[in-house]
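Student: Below is the structure I would like to discuss, written out as structure tokens.
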Amino acid sequence: MPIRVAVLVSGTGSLLQALLDAHGDGRLEAEVVVVGADNPSAQGLERAAAAGVPTFVHPFSKGGDRAAWDAELTRLVAEHDVELVVLAGFMKLVGPVFLARFGGRTINTHPALLPSFPGMHGPRDALEHGVKITGTTVFEVDAGVDTGRILAQEAVRVLPDDTVDSLHERIKVAERALLVHTVNELARQGDS
Ligand code: GAR
């Protein structure tokens, strides 16, 4: 039986698409059963709808009640009885209520080799630092910013004429494959 997965997105959703495509091709031992976004215009919502996956939108407004937002996010995800939550370009931190419910089974991807270059601008920070190799990390989400246990990493070479966008796009290619691989590994562990 494939494991039931929730995916949370904020933007383009190409990582989500990689999971949906892998499922469509029979390469994923998991099924995306719900996609949530904090941003109503996230393209990931359209990708989910095109694949027939239910969606929800749960925005957080500046100055809003973070604890209430976190509790409602937890409820919206829990409704779908999922075994794994994937943050796929989700640009919000989940809070203590969410982690109490889904800690240890929530993963995130980051476009750098953690613990280097955490935060919102991994590719930019790596490029500005002048590293020659960066990459992508899949990790278990904890209460910190990109601090959780590392599950998988893949290196990506920085090319001499890279821009932030060209580097990030190349990282994302590696990131999609690594995410599919890691979800499969976790699904197999869950089975044993
Ligand atoms: C990915 O590179 C992901 O690692 C990054 O956002 C991109 C989402 O791409 N996430 C973070 O930087 C989180 N700190 P996508 O919307 O095309 O899937």
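Student: Hey, can you rank 82-88, 110-116, 39-45, 152-158 by average C-beta count inside 10 Å, highest first?
Tutor: 82-88, 110-116, 39-45, 152-158
Student: Follow-up. Out of the trypsin sites (Lys or Arg not before Pro) in region 8-100, which ones are loop residues according to DSSP with at most 15 other C-beta atoms within 10 Å?
Tutor: Of the trypsin sites (Lys or Arg not before Pro), the ones in loops of region 8-100 whose Cβ has at most 15 other Cβ atoms within 10 Å are 27, 62.
Student: Averaged per residue, what accessible area in Å² does region 104-147 show with a 1.4 Å probe, protein chains only?
Tutor: Here the residues of region 104-147 average 45 Å² of exposed surface.
Student: Here is a follow-up. List the aspartates and glutamates whose alpha-carbon lies under 19 Å from that of residue 62, not counting same-chain residues fewer than 8 positions away?
Tutor: Qualifying aspartates and glutamates at Cα under 19 Å: 38, 70, 72.
Student: Send over a whole-number figure in Å² for the accessible area per residue of region 14-103, probe 1.4 Å.
Tutor: Ligands and nucleic acids excluded, the figure is 47 Å² per residue.
Student: If you roll a 1.4 angstrom probe over the protein chains with everything in place, what fraction of the accessible area of the chain belongs to carbon and sulfur, to the nearest %?
Tutor: 53 percent
Student: Shifting gears a bit: How long, wide and thick is the chain, going by the Cα atoms along their three principal axes, in whole angstroms, largest first?
Tutor: 47, 43, 31
Student: Output the relative contact order of the chain, whole-number percent, from Cα pairs under 8 angstrom with separation of 6+ residues.
Tutor: Relative contact order of the chain: 21 percent.
Student: Using the alpha-carbon centroid of each, what span in Å lies between region 55-132 and region 14-44?
Tutor: Taking the Cα centre of each part, region 55-132 and region 14-44 sit 15 Å apart.
Student: Let me ask something else about it. Rounded, prolate or oblate: which one fits region 11-122, using the alpha carbon gyration tensor with axes a ≥ b ≥ c (rounded when a/c is under 1.5, else prolate when a/b beats b/c, else oblate)?
Tutor: Rounded shape, in that the Cα axes give a/c under 1.5.
Student: Divide by every residue of the chain the summed helix terms, -39500 (n - 2.57) for each DSSP H run of at least 4, and state the resulting mean residue ellipticity at 222 nm, rounded to the nearest 500 deg cm²/dmol.
Tutor: Calculated mean residue ellipticity at 222 nm is -12500 deg cm²/dmol.
The values are calculated or read from the model by the stated rules, or taken from the named source; none is laboratory data. As the structure is a computational prediction, the values presented were derived from the model and not from experiment. With ideal geometry, Cβ positions are generated from the backbone for all residues, glycine too; neighbour counts draw on all protein chains shown. Surface areas here come from the heavy atoms of the whole protein model, side chains and all, with no ligands, DNA or RNA. Shrake-Rupley method; radii C 1.70, N 1.55, O 1.52, S 1.80 Å.
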